[in-house]
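Student: Sending over a structure as structure tokens; questions will come in a sec.
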Amino acid sequence: MKKILLQLDNDKFASVFDAVTAYDAGIDSLLQYGGVQPEDVRNLIYGEMFTRGGEDLKNSAAFIGGSNVEAGEAMLKAAKDSFFGPVRVSLMMDANGCNTTATAAVAKMLAHGDLSGKKVAILAGTGPVGLRAAALLAKEGADVVLTSRGLEKAEKACASIEERFGVKVAPQAAATPEDYNAVLQGVTAVLTCGAAGVQCVSEEMWKANDSLKVLADVNAVPPVGIEGVKSHWNGKEVEGKFLYGALGIGGFKMKLHRACVAKLFEQNDLVLDAEEIFGIAKTL
Amino acid sequence: MKKILLQLDNDKFASVFDAVTAYDAGIDSLLQYGGVQPEDVRNLIYGEMFTRGGEDLKNSAAFIGGSNVEAGEAMLKAAKDSFFGPVRVSLMMDANGCNTTATAAVAKMLAHGDLSGKKVAILAGTGPVGLRAAALLAKEGADVVLTSRGLEKAEKACASIEERFGVKVAPQAAATPEDYNAVLQGVTAVLTCGAAGVQCVSEEMWKANDSLKVLADVNAVPPVGIEGVKSHWNGKEVEGKFLYGALGIGGFKMKLHRACVAKLFEQNDLVLDAEEIFGIAKTL
Amino acid sequence: MKKILLQLDNDKFASVFDAVTAYDAGIDSLLQYGGVQPEDVRNLIYGEMFTRGGEDLKNSAAFIGGSNVEAGEAMLKAAKDSFFGPVRVSLMMDANGCNTTATAAVAKMLAHGDLSGKKVAILAGTGPVGLRAAALLAKEGADVVLTSRGLEKAEKACASIEERFGVKVAPQAAATPEDYNAVLQGVTAVLTCGAAGVQCVSEEMWKANDSLKVLADVNAVPPVGIEGVKSHWNGKEVEGKFLYGALGIGGFKMKLHRACVAKLFEQNDLVLDAEEIFGIAKTL
């Protein structure tokens, strides 16, 4: 019986990236659907639920993607709401790579020692990756601050984290080099999640900061979020600090993405969202 | 050489149900096309006709589906009209599951003895499943009555059956419990095809009916068409009568669907519509 | 690791012809995308570039097709412009079959002796096949004339050939039997590329022409471009001349198309456009 992955994507064209990665995770056949809205999900998922039974259902699974993360979350909910008791298939949600990217970045940040009770900063963190990284680090016991240019936006982000993940993250406004420098005082690990071309941390700033031990940046397009960091750095040690660029994190993200898709076919009732994907990251 | 199935579907998203079933029938690769109109079919079918030759053509076939059954019939005609003599591929039409569902229900009704010369009723039978079930039973020699709430609609349905299948079915209006009870007098087997939630036959009615031997219902959503029938019943015997629910019929429908798709690849000139699918059902 | 072909097609429905041919060329999985515009290409190609690395990249490739050849050319350019140094995948452009058809026709015309220094005519040659055939023959050293009903259109076509291929082809107006007869004086090989149903060369004309040795026609719908030629003729000798019909050329075109797709997976940096496809044709 073939391992079939149903790719439900909210972009016009279903992601080629997710498709190739699925094949490399060992699936046999892919059913690609682009332009999927949350209200379309039920019928599509039914097509998997009602074609195989019992043990065989674990050979059918669905991947939810697309560049719109909010729509991806609604699609995941719609898929879960379609199930009848044990008649269900395993699901993974990774719209815009938000879960695998955030999880891979957090795993890297944790690779140099426990961050429990330590101060951690997520700069320009109101996007999907920042929100998830902040939440996962807070769940690990870190004392997390999340910044945005406006305080109100940071507060809304932290409220959404508390609602979704049940953990508290401190909101803070930061827009200028001075703001960022103030935020980083006493911080052990920092992740920058700004838009392409937005530099949050200057080289002078991080080299002068004694508490900083791990720095990670998820932006691959120069200028990157942390000055001096090369995209391919994967734990490069510079003056006693460990630095990660987007491609350095990306290698692990890819491995994690493949491991998650492979795992979908081990049982028929997995739901791989941020926490579960982070759990898988810890086993790699 | 890979067994390639071309899925031509008149819904925006090509059916996941039909796709998974096709893989489970043993195909190697599926080409999915959603949003297909009858006028699109010729070019798509040409792509199969002109890529492989002679004996190899049997490794290419097409499945026509989608929730619009009339469009599915027009698509099947367009596909057949595309062929040049022996340059053709095998086709199966099962828009909205009409042929496999009708055929599976009829096979169940015939499982308890010949219905030739017996009175059979198809209640609320003007939809695609009802039309096909009535026609197939009439071709088996049964004396079939087909009901609708309005007589005119029932008459139109019976006329379309005579035109398409060359057999006569008696139209009758039935809307109330009294109507249905009157129709069922002297009837040996009954199939209910009403919309979700429309109950045609009460438990009191069928238990009091001495002639009724087989009762089948293709509606899976409660209240079902025959009161007291459970969806999963697959020939359950109650007071000397045999009862079938939608899921009970559905198990055989799935097996039949897979058998039909597998058969497409045995030769390059099959056209699997109602009669042929019923013929395959008899062999299972 | 599966050989994955990305099919980028500018028609609403990605070509079934190209899909089946790709599978017959030995690919494992196909990702079909219809309705692709040049501006969509970058993101889709990125999905292949960033999912596999190093040696593995040769297992990902892209095929650009669709009935709009100009859009296909723009899509090929967009794909090439997406690459970062060695991070690239192999590409084939064959929108509307233009490259494989033109190349196959030219290969047939060359099968009966060198055409270097000989006079060759491409009649009604301003379409994609005519342009490419004229260019390839000119690159082989032939003295090529390309006709259109209007001189201006022929001149524009020849200018576009010089710009794209760097070779000179002589434009000429030809609309009547007399015009075509005049063009064919002293010509050794002729290819007709007119629209379906347009006959350029009468049987009387070509039989009376002593210089003509090879005649080829790419139109399969009667009346064909060269009177008396049967579509399936594949070098049929008639009164000392060799004649080719559309299906005769088509058999070799198919073989060539499959060989090109197979070749895409031998390395990660091939770009198969007219010249490269012609190069592959010479090896078959």
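Student: Which one of the conditions (1) within 27 Å of the chain's Cα centre (by Cα); (2) closer than 18 Å to C:Asp24 by Cα does B:Arg52 fail to meet, given that it meets all the rest?
Tutor: Tallying (1) within 27 Å of the chain's Cα centre (by Cα); (2) closer than 18 Å to C:Asp24 by Cα, B:Arg52 fails exactly one: (1).
Student: Now for a separate question. Can you say whether C:Leu57 is open to solvent by less than 10 Å² (accessible area, probe 1.4 Å) and either farther than 29 Å from B:Ala79 by Cβ or within 14 Å of chain B (Cβ to nearest Cβ) (or both), as far as the supplied structure shows?
Tutor: When the stated conditions are applied, C:Leu57 passes them.
Residue by residue, here is whether (1) open to solvent by 30 Å² or more (accessible area, probe 1.4 Å); (2) within 14 Å of chain B (Cβ to nearest Cβ); (3) over 20 Å from A:Val218 (Cα atoms) holds:
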site: A:Val16; (1), (2), (3): no, no, yes
site: A:Met49; (1), (2), (3): no, yes, yes
site: A:Gly66; (1), (2), (3): no, no, no
site: A:Met92; (1), (2), (3): no, no, yes
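Student: Pick out the one residue from C:Glu48, C:Glu55 that is under 30 Å from A:Met254 (Cβ atoms), modelled with pLDDT under 95, of a type outside the set (Ser, Thr, Tyr) and in a helix (DSSP H, G or I).
Tutor: Only one candidate passes the filter, namely C:Glu55.
Student: Just name the residue that is nearest to B:Glu73 (Cα to Cα) out of those in the stretch B:139-177 that are free of Cβ contacts under 8 Å to residues at least 12 places away in the same chain and not hydrophobic (A, V, I, L, M, F, W, C).
Tutor: The extreme case among them is B:Glu163.
Student: Say we look at the stretch A:19-44 and pick out the residues that are within 8 Å of another protein chain (Cβ to nearest Cβ) and in contact (Cβ under 8 Å) with a residue 40 or more places away in the chain; which of these is most open to solvent (accessible area, probe 1.4 Å)?
Tutor: A:Asp24
Student: Sticking with this structure for a sec: Could you please find all residues in the stretch B:136-168 being under 18 Å from B:Lys119 (Cβ atoms) and open to solvent by 20 Å² or more (accessible area, probe 1.4 Å)?
Tutor: B:Lys139, B:Glu140, B:Gly141, B:Asp143, B:Val167, B:Lys168, listed by residue number.
Student: Would you mind stating whether C:Ser116 is of a type outside the set (Asp, Glu), touching a helix residue (DSSP H, G or I) at 6+ places or on another chain (Cβ under 7 Å), assigned to a loop (DSSP other than H, G, I, E, B) and touching a residue at least 24 places away in the same chain (Cβ under 8 Å)?
Tutor: It is false that C:Ser116 is of a type outside the set (Asp, Glu), touching a helix residue (DSSP H, G or I) at 6+ places or on another chain (Cβ under 7 Å), assigned to a loop (DSSP other than H, G, I, E, B) and touching a residue at least 24 places away in the same chain (Cβ under 8 Å).
Residue by residue, here is whether (1) closer than 22 Å to B:Val20 by Cα; (2) free of Cβ contacts under 8 Å to residues at least 40 places away in the same chain; (3) in the same structural domain as B:Leu184 (by TED's automatic domain parsing); (4) over 14 Å from the mean Cα position of the chain (by Cα) holds:
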residue: B:Lys213; (1), (2), (3), (4): no, no, yes, yes
residue: B:Pro223; (1), (2), (3), (4): no, yes, yes, yes
residue: B:Ser231; (1), (2), (3), (4): no, yes, yes, yes
residue: B:Tyr244; (1), (2), (3), (4): no, no, yes, yes
residue: B:Leu270; (1), (2), (3), (4): yes, no, no, yes
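Student: Further question: Conditions first: (1) assigned to a helix (DSSP H, G or I); (2) outside the structural domain of B:Ala216 (by TED's automatic domain parsing); (3) more than 26 Å from A:Gln37 (Cβ to Cβ). B:Asp18 passes all but one, so which condition is the exception?
Tutor: Going through (1) assigned to a helix (DSSP H, G or I); (2) outside the structural domain of B:Ala216 (by TED's automatic domain parsing); (3) more than 26 Å from A:Gln37 (Cβ to Cβ) one by one, B:Asp18 breaks only (3).
Student: So, in the stretch A:178-211, how many residues would count as being in contact (Cβ under 8 Å) with a residue 24 or more places away in the chain, over 19 Å from A:Leu247 (Cα atoms) and not charged (D, E, K, R)?
Tutor: Counting residues in the stretch A:178-211 that are in contact (Cβ under 8 Å) with a residue 24 or more places away in the chain, over 19 Å from A:Leu247 (Cα atoms) and not charged (D, E, K, R) gives 13.
Student: Also, I was wondering about something else. If you check B:Lys77 against the conditions, is it within 14 Å of chain A (Cβ to nearest Cβ), at pLDDT 95 or above and surrounded by fewer than 24 Cβ atoms within 10 Å (Cβ to Cβ)?
Tutor: The answer is no for B:Lys77.
Student: I need a count of the residues in the stretch B:102-118 that are of a type in the set (Asp, Glu) and touching a strand residue (DSSP E or B) at 6+ places or on another chain (Cβ under 7 Å).
Tutor: The qualifying residues number 0.
The values are calculated or read from the model by the stated rules, or taken from the named source; none is laboratory data. Please read these numbers as outputs of a predicted model, since none were measured by experiment. Because the Cβ atoms are built from the backbone with ideal geometry, glycine has one as well, and the counts that use them run over all protein chains shown. Remember, those area values only see protein heavy atoms, side chains included, never the ligands or the DNA or RNA. Shrake-Rupley method; radii C 1.70, N 1.55, O 1.52, S 1.80 Å.
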